[in-house]
Amino acid sequence: MRTIIERCLVGLALIVVAPARAAEVEVLHWWTAGGEAAALKVLKQNLERQGVTWRDMPVAGGGGTQAMTVLRARVTSGNPPTAVQMLGFDIRDWAQLGAVADLNALAERNHWNDVIPAAIREFSQYRGRWIAAPANVHSVNWIWANKPLLDQFGIGVPKTWTEFVAALDKVKAAGKIPLAHGGQPWQEATIFDSVVMLTGGPEFYRDALIKLEPKALQSAMMRAVFERMKVLRRYVDANFSGRDWNLATALVIKGDAAFQIMGDWAKGEFLNAGKQPNIDFLCFRFPGTQDAVIFNSDQFVMFNVARDARPAQEQLAHAIMDPQFQIAFNRVKGSVPARLDIPVEGFDACGQQGMRDLAHAARAGTLIGSLSQGHGAPAAVKNAFYDVITAHFNGEYDSDEAIEELLSAVAAAK
Amino acid sequence: MHAALLLAAAWYLLPLIVLLLNSLKPLDEIQAGSVLALPREWTLAAWRAAWSSAQIGVEPTGLSPYFVNSLAMTLPAVAFSTALGAVNGYVLSHWRFRGDGIVFALILFSCFIPFQIVLIPAARVLGLLGLAGTMAGLVLVHVVYGIGFTTLFFRNYYVTFPRELIHAARIDGAGFGTILTRILLPNSLPIIAVSVIWQFTNVWNDFLFGASFSDVDSQPMTVALNNLVNSSTGAKEYNVHFAGAILAGLPTLIVYVLAGRHFVRGLLAGAVKG
Amino acid sequence: MREGRALMSAAAGALRAALPKIVLSPSLLLLAVFVYGFILVTGYLSFTASKILPVPDLVGIDNYVKLFQTRAWTIALHNLAVFGTLYIGIGIALGLGLAILLDQRIRAEGWLRPIYLYPMALSFIVTGTFWKWFFDPGIGLERALRLLGWNDFSFGWIKDPERAIYTLIIGAVWHTSGFVMALFLAGLRGLDASVLRAARIDGASGVRLYWYIVLPQLKPVFAAAFVILLHMAIKSYDLVIALTAGGPGRATELPATFMYSYTFTRNQMAMGASAAVIMLMTVAAVIVPYLYGAYRERPRG
């Protein structure tokens, strides 16, 4: 009995080869909204000009979690898609299972090693093998602000935590919402990323959120982080819980709220609403984190497909790495190209700053994976953090309890 | 008494009416006004968008291409599971054998299995059968998890059928098949209605299997609706979402309204008696 | 010749005797694999170290120990207790009440019945968009009533960790109470008319008639309604995802959402499997006695 079950289970995890037809790619992704979908359509058209048919497999919901469930079923049934949009540690998990393709030949021909920053390659490569094509680099330590509102209240761009809190107080006194926020675990964790970077700096961030060192997790520094989260909690409105992030962004766009702490995908919302950087809205680094870029990167992971489907798959990977696509796509998406060899001209002010920051951080070694976006630790640990951060933000724990819970939750999830 | 009934009716209707009213408004009117207000400007634009031009994936196709997929999945699944239920119910009520009670209980217990836990093993089995990502695989899964319900319906219905009639037929030489097709089935309309309504609703509304076991060419409408309303960026086009929601629910609503009369009658005859 | 015919008829007889089982066998085979086989697989997985996909390495009962040390799981169980009790209680009370009212020869019954029933036809992917919107104080009911001039009206349950679970109950009751009504209505219509007449002659009427004569006879309907609502409560997933996604905080986490998130988003498949096993055992603990009670007596005849 045991051996039968065992054999079945091993079978589940085995490399499965899909009978995909040649000159066609099936892409599983969750970009179904206007701007992103339109950007992906550019990719589709590029491929179709090369005679490759794009078979679209969108599954939205939960920031990709729904799509990951579908992926499990697809791989288990021996019918994996050609390529799957994926984030961070998920990529590594699938690579460990041996379910992904080898792009080394293509990568070498096109010198991907030279143009993609090492921190991003951590995820695009597995044990020295290229397995994914990164489409962009997002960064989460940004603040988005309504410029007319700040001008009206006489608030400049805050450079330090103290200035930022003073600015929030000013907005509150004027009767507007200081901080637009949506009460979903990942959004709270997004703020947490920046607060950890501000409070402890890059080294502490690495020790606590990536290496998960117990000493760092229960340090006085971590307590200070939670205390600052509590401070920020005072500036959100009463209806924050459960709100989607883009509705929070809409509050800033409409001038109901002054600031939002959010990754640079928020820029797409401003642009969609016809707003212009430095005129209608401001983008600036979270105070005290100006030298670091806390990143996440959307990558297209290539799965094991039948031999005759490999050429089309490589064409897809090549098309994603194409500079023209990276420019077109990232202009819409709010992120910056994953390639470092793309000129900043042609991007708006926020995009240009993002590209310069990325290049700087890549050189300085301060380009660090975002925990909240799955680039700090595997899913189980990430969610253990979510649990504690959210419970603390909602007043279930005080800061001491939060540290205690964090320690045990992370240990249990490791 | 009448007031209470009408109040209840209003409560049940509220979501549908609010969805309907707001799907007929332009977006800015929804954002600025009240949920409960009538549209100041009536427009079908949101309905047209939801049906044929809303962004579902890379292409702005609207929900229409998925409607056919849903039909192609639902109709065979309903037909097969109902047929199996009728035959099983017939055997379990009129062809006794040792252990038939346990067999019935085992079939029935399958109604209570949460779908999330069968997802991965089912994917594996479909893969082994060569049905991964096919419409046939999707139909098979829906049939399997519908058998419990349909067998329950038919078995309880046929149990109440006069024994004497069947006994007499047997003496006249009617065999297994003849009794089913000549005597039972012609009298089964109410319970067929129950089975069809139940299965149609469950299969049509399913999302988890539809998303996991489908292919590019077989994604059902619920998956498309999910892609429409759950996309994470861009201004939420509530009016389009609402129109899409009603469109996705329309076939089941029609089935309920058309067959609803038989539903209560069938429940009376079957499901409750057990 | 004669022997041959006897043999043939013996074979035919055997075939006839086996026919019922042959007819049942495809269904049984499918269920043996797709239901009971998969339950075994899940049980097995709950003792393994599976993370993103199944693996065979056994780790004993670790996952169960971890499960019950996880706060989110105990919260989910507690939430299910609150949700299940109120949902089943209110669902049955409302369904029964409507059925009794509708049974008083209401002329509009033909109109009202489908109105009460239709929510069951819609999935929460469809109605969830409505409920989430309607309960949201900033855009839904609260704002609508304030716009109408009722300025201190406040309805922020969905944002309140203490009350968010009640919004789930409202959505769930809305969805199934009409179906429960149909069950009771069918039960009422199936009552023996002569008993009711006799009771009326004895002077029983109104509330007393229902309390002492009618309701006791509806016991099987109560049982059926209870079982149906209970299994819906335990399986509740779409509703939670559509309305609150388990929030605020963990205020509306239920075992089904817990199991899903551990299996599929947290990559702790073995933990998810052990949660599923506990859920299945809970279902079995309720359903098996019910099946035993309801179907113990073999069908008449």
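The values are calculated or read from the model by the stated rules, or taken from the named source; none is laboratory data. None of these values were measured; they are calculated from a predicted model. With ideal geometry, Cβ positions are generated from the backbone for all residues, glycine too; neighbour counts draw on all protein chains shown.
Assorted remarks:
- Helices (runs of 4 or more DSSP H) enclosed by segment C:134-236 - at least 2 residues per element that are closer than 27 Å to A:Gly242 by Cα, under 29 Å from the mean Cα position of the chain (by Cα) and not hydroxyl-bearing (Ser, Thr, Tyr): C:164-189, C:219-235
- Residue within segment A:38-45 that is at the interface with chain B (Cβ under 7 Å from one of its Cβ atoms) and either in contact with a Cys (Cβ under 8 Å, 6 or more places away or on another chain) or modelled with pLDDT under 85 (or both) present: no
- The requirement of being more than 17 Å from the chain's Cα centre (by Cα), of a type in the set (Val, Ile, Thr) and assigned to a helix (DSSP H, G or I) is fulfilled nowhere in segment A:305-316; no residue meets it.
- Residues in segment A:365-397 that are at positive phi and either surrounded by 24 or more Cβ atoms within 10 Å (Cβ to Cβ) or touching an Asp or Glu at 6+ places or on another chain (Cβ under 9 Å) (or both): A:Gly374 only.
- Total residues in segment C:6-49, condition polar (S, T, N, Q), surrounded by 19 or more Cβ atoms within 10 Å (Cβ to Cβ) and without any contact (Cβ under 8 Å) to a residue 24 or more places away in the chain: 1
- Complete set of residues in segment C:87-110 that are over 25 Å from the mean Cα position of the chain (by Cα) and over 10 Å from C:Leu185 (Cβ atoms): C:Gln104, C:Arg105, C:Ile106, C:Arg107, C:Ala108, C:Gly110
- Scanning segment C:245-253 finds one or more residues that are within 14 Å of chain A (Cβ to nearest Cβ), of a type in the set (A, V, I, L, M), assigned to a loop (DSSP other than H, G, I, E, B) and out of contact with any Lys or Arg (no Cβ under 9 Å at 6 or more places or on another chain).
- Segment A:48-66 - residue that is part of a helix (DSSP H, G or I) and buried (at least 23 other Cβ atoms within 10 Å of the Cβ) and, of those, nearest to the other protein chains (Cβ to nearest Cβ): A:Gln66
- B:Ile166 being over 20 Å from the mean Cα position of the chain (by Cα), farther than 18 Å from C:Val23 by Cα and more than 14 Å from chain A (Cβ to nearest Cβ): yes
Listed here are the residues, each with its yes/no results for (1) within 11 Å of chain C (Cβ to nearest Cβ); (2) of a type outside the set (Lys, Arg); (3) in contact (Cβ under 8 Å) with a residue 40 or more places away in the chain.
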| residue | (1), (2), (3) |
| --- | --- |
| B:Gly133 | no, yes, yes |
| B:Asn156 | yes, yes, yes |
| B:Ile171 | no, yes, no |
| B:Thr178 | no, yes, no |
| B:Ile183 | no, yes, no |
| B:Val194 | yes, yes, yes |
| B:Ser212 | yes, yes, yes |
| B:Thr222 | yes, yes, yes |
| B:Val229 | yes, yes, no |
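- The sole residue among A:Gly288, A:Gly255, A:Gly334 that is assigned by TED's automatic domain parsing to the domain that holds A:Lys147 and crowded, with 19+ Cβ neighbours inside 10 Å is A:Gly288.
- Residue within segment A:272-287 that is modelled with pLDDT under 95, assigned to a helix (DSSP H, G or I) and in contact with a strand residue (DSSP E or B) (Cβ under 8 Å, 6 or more places away or on another chain) present: no
- Flag if C:Ile115 is crowded, with 20+ Cβ neighbours inside 10 Å, among the hydrophobic types (A, V, I, L, M, F, W, C) and under 18 Å from C:Leu239 (Cβ atoms): no
- Segment C:53-86, subset free of Cβ contacts under 8 Å to residues at least 60 places away in the same chain and closer than 30 Å to C:Ala225 by Cβ, residue nearest to the chain's Cα centre (by Cα): C:Thr85
- In segment A:341-364, the residues that are among the acidic types (Asp, Glu), more than 17 Å from A:Arg121 (Cβ to Cβ) and surrounded by fewer than 18 Cβ atoms within 10 Å (Cβ to Cβ): A:Glu345, A:Asp348
- Candidate set: segment A:102-123, residues that are crowded, with 22+ Cβ neighbours inside 10 Å and aliphatic (A, V, I, L, M); chosen: the one nearest to A:Ala359 (Cα to Cα): A:Ile116
- The residues of segment A:92-112 that are among the polar types (S, T, N, Q) and either closer than 13 Å to A:Ala133 by Cα or outside the structural domain of A:Arg127 (by TED's automatic domain parsing) (or both), listed by number, are A:Asn104, A:Asn110.
- The set of residues from segment C:216-244 being without any contact (Cβ under 8 Å) to a residue 12 or more places away in the chain and among the aliphatic types (A, V, I, L, M) is empty.
- Where helices (runs of 4 or more DSSP H) fall entirely within segment A:114-173, those with at least 2 residues that are of a type in the set (Lys, Arg), out of contact with any Cys (no Cβ under 7 Å at 6 or more places or on another chain) and outside the structural domain of A:Leu316 (by TED's automatic domain parsing) are at A:161-173.
- Yes/no for B:Ala174 being in a helix (DSSP H, G or I), assigned by TED's automatic domain parsing to the domain that holds B:Ile113 and farther than 30 Å from B:Val264 by Cβ: no
- Scan of segment A:247-290 for residues that are in contact with a helix residue (DSSP H, G or I) (Cβ under 8 Å, 6 or more places away or on another chain) and within 14 Å of chain C (Cβ to nearest Cβ), ordered by number: A:Ala248, A:Ala250, A:Ala257
- Looking only at segment C:103-132, residues that are out of contact with any helix residue (DSSP H, G or I) (no Cβ under 6 Å at 6 or more places or on another chain), part of a helix (DSSP H, G or I) and at the interface with chain B (Cβ under 7 Å from one of its Cβ atoms) come to 1 in all.
- If you go through segment A:191-236 and keep only what is assigned to a loop (DSSP other than H, G, I, E, B), more than 15 Å from A:Ile403 (Cα to Cα) and either modelled with pLDDT under 95 or of a type in the set (Ser, Thr, Tyr) (or both), you end up with just A:Tyr235.
- Scanning segment B:105-131 for residues that are touching a residue at least 60 places away in the same chain (Cβ under 8 Å) and hydrophobic (A, V, I, L, M, F, W, C) gives B:Phe115, B:Leu119, B:Ala122, B:Ala123, B:Leu126.
- Pairs where the first residue, in segment A:376-397, is farther than 16 Å from A:Gly64 by Cβ and the second is surrounded by 22 or more Cβ atoms within 10 Å (Cβ to Cβ) and among the acidic types (Asp, Glu), C-beta under 9 Å, 6+ apart: A:Gly376/A:Asp193; A:Ile389/A:Glu188; A:Thr390/A:Glu188; A:His392/A:Glu188; A:Phe393/A:Glu188; A:Asn394/A:Glu188
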